[in-house]
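Since the structure comes first, as structure tokens, the remarks are kept for the end.
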Amino acid sequence: MTIRVVVADDQALVRAGFVALLDAQDGIEVVGEAEDGEQAVRSAVDLVPDVVLMDIRMPVLDGLAATRRIAGRTELAGVHVVVLTTFELDEYVFEAIRAGAAGFLVKHTEPADLVRAVRVVAAGDALLSPTVTRRLLAEFAARTKPVPDGTVLAALTDREREVMALVAEGLSNAEIAERLVLSPATARTHVGRILLKLGARDRTQLVVLAYESGLVRPGWR
């Protein structure tokens, strides 16, 4: 199936570069462009793409607010937003996690990594820029003030809580399977059930819930 993408960036040259790169890939089609957050939201509603590449700093409506609007619409549950930022630890990135972004990339990401990111996010996995994955999770954890609330995770089994903690550590399904001596399919099933039980959009939201519920703490492994 073709992955449909909307590119939102207020810099025409940058936007054109992303569009040219993605349109040249097999199985990826750029179906819309936006130069501000309002246009990005309208494009998401009108086109219902698989992925929106969202610049975080845009006029009219910034990428953070646009991401929150997209994530807040049930009819756009299948639209995955990847936030683009100039700086690896941009302050807005932490808010974008809560707003519903499925992943993050710095703008100087290698072209191959950008293409890979689109495919990963379209498949429903969380995506963080390869250069900052661990640092970003650790920084987010340090800034989050956990509010232990057993009711949030009450529906999960002990095994599911264990899997969720590993998701919060940044592990992929394959890595979780190896850590827990499970098959990759079983690990994937566990993650799917956790998402369903907690009503989370994607793995990134599981990270948020893991820290905010007190399931994990900064520095835990």
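What follows is calculated from the coordinates using simple rules that are stated; it is not laboratory data. Since we're looking at a predicted model, the values are computed, not measured. Virtual Cβ from ideal backbone geometry, glycine too; neighbours counted across all protein chains shown.
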Taking the mean number of other Cβ atoms within 10 Å as a proxy for protection, how do you rank 37-47, 96-106 from highest to lowest? 96-106, 37-47
Rounded, prolate or oblate: which one fits region 158-221, using the alpha carbon gyration tensor with axes a ≥ b ≥ c (rounded when a/c is under 1.5, else prolate when a/b beats b/c, else oblate)? oblate
What is region 2-56 by shape, rounded, prolate or oblate, if you read a ≥ b ≥ c off the alpha carbon gyration tensor as root eigenvalues and call it rounded for a/c under 1.5, prolate for a/b larger than b/c, and oblate otherwise? oblate
Residue-span extension gain [Arg73 to Ala112] - 0.36 nm each, minus C-alpha spacing: 11.0 nm
Taking a crude spin-label model, label points 7 Å out from Cα along the C-beta direction, the Gln25 to Arg159 distance in nm is 3.4 nm
Highest average packing first - 169-176, 205-212, 3-10, Cβ atoms within 10 Å: 3-10, 205-212, 169-176
